[in-house]
Each structure stands twice: as structure tokens, then as C-alpha cells.
Amino acid sequence: MPSISLTDYQSTRGPYVRFRLTPRETSFYDMFAASADNIVTGSKLLMELLGADSSARAEIAERMRAAEHAGDDATHAIFHQLNSSFITPFDREDIYALASSLDDIMDFMEEAVDLVVLYQIEELPKGVEQQIEVLARAADLTAEAMPNLRTMDNLTEYWIEVNRLENQADQIHRKLLAHLFNGKYDAIEVLKLKQIVDVLEEAADAFEHVANTVETIAVKES
Amino acid sequence: MPSISLTDYQSTRGPYVRFRLTPRETSFYDMFAASADNIVTGSKLLMELLGADSSARAEIAERMRAAEHAGDDATHAIFHQLNSSFITPFDREDIYALASSLDDIMDFMEEAVDLVVLYQIEELPKGVEQQIEVLARAADLTAEAMPNLRTMDNLTEYWIEVNRLENQADQIHRKLLAHLFNGKYDAIEVLKLKQIVDVLEEAADAFEHVANTVETIAVKES
Amino acid sequence: MPSISLTDYQSTRGPYVRFRLTPRETSFYDMFAASADNIVTGSKLLMELLGADSSARAEIAERMRAAEHAGDDATHAIFHQLNSSFITPFDREDIYALASSLDDIMDFMEEAVDLVVLYQIEELPKGVEQQIEVLARAADLTAEAMPNLRTMDNLTEYWIEVNRLENQADQIHRKLLAHLFNGKYDAIEVLKLKQIVDVLEEAADAFEHVANTVETIAVKES
């Protein structure tokens, strides 16, 4: 994650921030929402990738890289706010875990697109589009859930559904592995495709980490 | 990890739990013991797998999946108890780390069995049975150690021995990798078998994480 | 990580340590500096490996193993000091994260050397020497930065530069992957070499984790 200038954030607060009683803690909610919205952008780029020819793919990879950089900046802003805030709306460790897992999702999605271009994959194996559809659904649910952290409403349905989606992703992933090894592909091709489907599975796992952290926060608040 | 109903746990405690002075903290010890006992079940299924033919393997995989689900429930119960307890017997982060690492062990053991079935492995390479024996020994030691968290007795021998077993597992694993690459196997077979022996090595690492966390807890208490 | 005797550390402090107001907290700085210096030793062994023939390699691997053991001892000493100290110079979780990431770097560097010997690699692909040069530069910067934790001076340049180096390592790594898959290598050779370049990339990531933790500490102190 590239480092950004500290003054970007320090300029917006006075030297009294560690002592005032009503810190600008609300900004955490906005930051998490922004991070999740960025992931929706990433999941749409993954969907676009599915039908794209090789020249379109390079351009999608470029936009994905921009989205991943935006995600890095969002994560860094959350960490900086966390480290310079005296009072936070949730436990610091949960804010840290939430921001990190959101960042991981974006990193894995970007890596998947980059590998498709880098390895000049002609055709993605059947099943990858199911993996990506599950990720897109999880991204939408996550983006809808983040603003609800403010009121803690309707979060139970969110984390149950994301856990269900992760189980579904796991099934799709294992079927894909069996398919890759069934003899149709040569070993080099298996290696390339396995790396791509594994990284998409890691993205699904990271969505579950986000949901588990949201559950942790909600249980503590209840 | 599938989500479970919050009411399963909330129903057992009154609304006064965050304020009473003698919380039911003892349940953590029972929960860790249950989680470790479940891992012993998993390690025995791994041992059974070694001599099993393909129809027996499918049935072992089924029982392993059930054990892994039981493990998920145990982990979730610990997390829920942790998040809703005002006082805990150890530092919260150590309880979290202990439950997570116990859960990881079960996940890796289940994944190994599932991959053997999924990839229709005819014969496991020589050395895998040594990996599994080390895991079984670590599982027994871990299950014996968990009840001792209550009194902190006899834990030093446990974590020293698990660290020794992990070093042994590491040696076995590296020898297995060298064997897989020695030319006897074709590339697709190497890929399949490497994934299985790697996941068994991850299980050994997770036992060490459990032991290191127990050591951390013991040092803080001393 | 092998366990070491508790008395090694306990003998140096009295039973009053948890209550005295000026604990020997300075030792954390020395411990981090020692851990980073050990990583410089490791990075120099990686550089030596590049030009070494197979008999020299075995001897380099031996020295690398010794450096990795020294690193384990250093990490264990930090953990023990952390768990038995009442007051610490930084947040406990940051001390833990810093020590763990320094330990990870050494583990990955040792694993890389061991795999080169284990797989009897004749010739490392072009690009690996660039990976190792980046690691050596990151090691030097990290060793220079650790003593500055005492005063918090000149740390910004350090973490910006390590983040830049990690981005560079990432580019080199992806180019190496594309090169490995370009058809010149057979599948077994790709598998072996990919494991080695992946583990070197993990070392670069771990340097970034160290830098990010240092940034976290510095922001909290500012």
C-alpha cells in the first residue's frame, strides 16, 4: 500500500483532537461506506472482464488498478484516523480488522484481473463466472450494510447471507479445482488457472472476514 | 464459518451479565476443551483415511465435514461468549487467538481429506503417514493441555513438545516436497499432491500457534 | 519457533518488575535493532547465494539456518519481555506486530535458500537477482530505522521508501511469473521456481508490514 502524506489528514484537525469530548468519530462510517462502494466498482470490473476480448481486458485492468489505489488511500485514511483519534465508535481492533479485510478484498480482485492479462488467458474455465457472480452479490450486500453500522439495524441478515455466499463460493471453487485437474488442461495451464480461481476464492473469504467483524461489533454493542 | 442464532447464547444469560462480579467465565475452559476434543476426532479420521479404499474415503470425508461443522459451532460459541462477557479469564486477544487457531487446525484437516477425495488420489506418497502421525500426537497433547488452562499446571512440557513436533513436521514436509519433485510423478500429480501435503503442513503450523498462545497466556499469569 | 527456557529472562528481573515505575523498557529498542541486524545478515546470505555453486549453496543454507534460529530467539525474547512487562514503550499490539513481521522476513528468506538447495535448482531465472537486491536494500533501511524508534526521528523517509520498494518488488515478481510461464520451462520446473519467487515476494511484503507498523507507532506518538 503506497504511503500518503500525513498532512493530508492532519490539516483537517486541530491539536486539541485528542482531548475534545465529541470527536469527529462519524467519519469512520463514511470511510467504511466509501471503501465498500469502491469494492462494488471492483466487482463490476470483474463482471466486465468475463465478456471482454484481450484489448478490452488491458483497459479493464487499468481501471482496476485505479480502483485498487483508491482502496489503498481509503484504508490508509481509516488507519490514520484510527491512530490519531482518542475516542472511536467501536473497539480499535475491530476498526482495524474491518478496514484490513475490505482492503484485502480489493487486492484479491485486482490480482485476479492482473493475472488474467499477465498470463494471456484465452478462455476462463466454466465456473469462474459463478465465482464472480457470488463476489458481486457479496459486494452489493457489504456496501448496503456499511451505512447500517451507524444504527446497527438489519445487520444480522447481512452477515448470515455473506456466510452463506462464502459456503457457496467454496463449493464452486472446489468443483473448479476438480474440473481443472480432470485431464483437459495441460499442467502449465492448470497452474495459471488455479492461481486465478484461488485468488477469487480468497476474495470470497475476505468478504466473510468483513461480515464476521461486523457481527463482532454488533454483538459487543447489543 | 456458518452463522448461528444469537439467541442460542443470549437465552442462557440475564441482562445483568455485564455487571455481576462473578461471571460464568469457567465456560471458556470447557469450550476450549470441547474444541480440542473435536480436533482429536479429526486427527483420528485422518489416520483412518490412510488405509481406506475410495468408497470408505467418501464416508470418512462426510464424517470429517460433520466434525468441521461442530468445530465451527464451537468457535462461534467462544467468540460470542467473548464478545458478550464483561470479564474474561485471560486477555481477550489471547482467547480470540486460541479459538481461531483451534478452528484453523480443523479447517486444514478437513481440507486435506476433501482434496484426497476430490482429486481421486490413488496412493498418497510415502511420508504423508508420518505427517498425519505427528498431527495425531499434537492433537492428543493439545486436548490434554486445554483442561490445564484452569490451573496453569504442566503447560510448559506441552508447548515445548508441540514446538518440537512442528519442527519435525517441517522436516517431513520438506523431504516430501523433494520426493514429489524427483521425477517419478507427472506435473499434474505433483500439483495435486503438493496441495495436500502443504495443507497438512499448515495444520502442523496451526498447532504451534495454539501452543504459542498458551505460552503467552501462561507467561502473563506467572 | 523453538521454545526457550523461561529462566533465561526471568533471572534478569526481580519479582517487583510489574510494579516499579521505570521499567527497563529500553530493551525493546535494542531487541528490535538486533532482530533487524540479523535480517541484514540474512539478506547478505541471499546475495551470496546468487553466485554460488552447489557445494557453496549447502554451506550458505547452513549459515542461513543459524541466522533464522538466532531470529527465532530474538523474537521469543521480545514476546517474553512483552508478556512480563507492566509498562511498554509502545502499544503492546504494535510491539507484537513488529516482532512477528521481523520474524516472518527471516523465515521467508531462509525458506527461499532452503528451496534452492532442496530442489537442486541449476540456474535461477533472470529477475531473481533484482528481487534479492530489493530485499537487501529494504533490510538495510529497516536496520537503520529501528534505532530511530527511540527518538521517532527520520522514520517518514524510511516507511515511504520501503513502500516504494515493495511496489517495485511486486512489479519484478509479476514480470518473473510471466517469464516462468512463457514456454521456456517445463511444468515441474515452473512449479519449483514459482515457489521460490513467491516466497521472496512474501519477504518483500513482510518488510512492508514492518514499515506500516512503524508508521502506526509514529502516528500514535505524534
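The values are calculated or read from the model by the stated rules, or taken from the named source; none is laboratory data. Keep in mind that this is a model prediction, so the values were computed, not measured. No Cβ is skipped: glycine too gets one built from the backbone with ideal geometry, and neighbour counts run over all protein chains shown.
Worth pointing out:
- Residue list for segment C:210-221, restricted to those being facing chain A (nearest Cβ under 10 Å) and of a type outside the set (A, V, I, L, M): C:ASN212, C:GLU215, C:THR216, C:LYS220, C:GLU221
- Scope segment B:85-100; condition touching a residue at least 40 places away in the same chain (Cβ under 8 Å) and within 23 Å of B:SER222 (Cα to Cα); matching residues: B:PHE86, B:ILE87, B:THR88, B:PRO89, B:PHE90, B:ASP91, B:ASP94, B:ILE95, B:ALA97, B:LEU98, B:ALA99
- Boolean, A:VAL162 is among the hydrophobic types (A, V, I, L, M, F, W, C), touching a residue at least 24 places away in the same chain (Cβ under 8 Å) and more than 21 Å from A:ALA97 (Cβ to Cβ): no
- Residue, surrounded by the most Cβ atoms within 10 Å (Cβ to Cβ), within segment A:160-169, restricted to residues that are in contact with a helix residue (DSSP H, G or I) (Cβ under 8 Å, 6 or more places away or on another chain) and closer than 30 Å to A:THR88 by Cα: A:VAL162
- Tally, over segment C:76-122, of residues that are of a type in the set (A, V, I, L, M, F, W, C) and assigned to a loop (DSSP other than H, G, I, E, B): 4
- Every test in (1) buried (at least 16 other Cβ atoms within 10 Å of the Cβ); (2) acidic (Asp, Glu); (3) under 30 Å from C:LYS220 (Cα atoms); (4) at pLDDT 95 or above is passed by C:GLU110 save one, and that test is (3).
- Residues in segment C:49-63 include none that are part of a helix (DSSP H, G or I), surrounded by 16 or more Cβ atoms within 10 Å (Cβ to Cβ) and polar (S, T, N, Q).
- Within segment C:123-137, the residues that satisfy the criterion of being hydrophobic (A, V, I, L, M, F, W, C) and under 16 Å from C:SER43 (Cα atoms) are C:VAL128, C:ILE132, C:VAL134, C:LEU135, C:ALA136.
- Test: B:ALA97 is under 24 Å from A:ASN167 (Cβ atoms), within 16 Å of the chain's Cα centre (by Cα) and modelled with pLDDT of 90 or more: no
- Some residue of segment C:170-183 being crowded, with 18+ Cβ neighbours inside 10 Å, within 30 Å of A:GLN120 (Cβ to Cβ) and within 14 Å of chain B (Cβ to nearest Cβ): yes
- Counting only residues that are within 9 Å of chain C (Cβ to nearest Cβ) and either surrounded by fewer than 21 Cβ atoms within 10 Å (Cβ to Cβ) or at positive phi (or both), segment B:191-207 holds 1 of them.
- Scope segment A:24-67; condition in contact with a Ser or Thr (Cβ under 6 Å, 6 or more places away or on another chain) and free of Cβ contacts under 8 Å to residues at least 60 places away in the same chain; matching residues: A:ALA67
Results for (1) at pLDDT 95 or above; (2) under 14 Å from the mean Cα position of the chain (by Cα); (3) at positive phi, shown as yes or no for each residue.
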| residue | (1), (2), (3) |
| --- | --- |
| A:SER3 | no, no, no |
| A:ASP8 | no, no, no |
| A:SER35 | yes, yes, no |
| A:LEU50 | no, no, no |
| A:GLU59 | yes, no, no |
| A:ASP72 | no, yes, no |
| A:HIS80 | no, no, no |
| A:SER84 | no, no, no |
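- Scanning segment B:53-97 for residues that are among the acidic types (Asp, Glu) and closer than 17 Å to B:ALA33 by Cα returns B:GLU68, B:ASP72, B:ASP73, B:ASP94.
- In summary, C:ASP104 fulfils each of the numbered conditions (1) surrounded by 17 or more Cβ atoms within 10 Å (Cβ to Cβ); (2) away from chain B (no Cβ under 14 Å); (3) within 22 Å of C:ALA33 (Cα to Cα) with the single exception of condition (2).
- Output for segment A:107-121, where each listed residue is farther than 21 Å from A:ILE172 by Cβ and either of a type in the set (Val, Ile, Thr) or free of Cβ contacts under 8 Å to residues at least 40 places away in the same chain (or both): A:VAL117, A:LEU118
- Any hit, segment C:71-89, residues being within 28 Å of B:ASN182 (Cα to Cα) and more than 14 Å from chain B (Cβ to nearest Cβ): no
- Residues being in contact (Cβ under 8 Å) with a residue 40 or more places away in the chain and surrounded by 15 or more Cβ atoms within 10 Å (Cβ to Cβ) - total across segment A:148-159: 5
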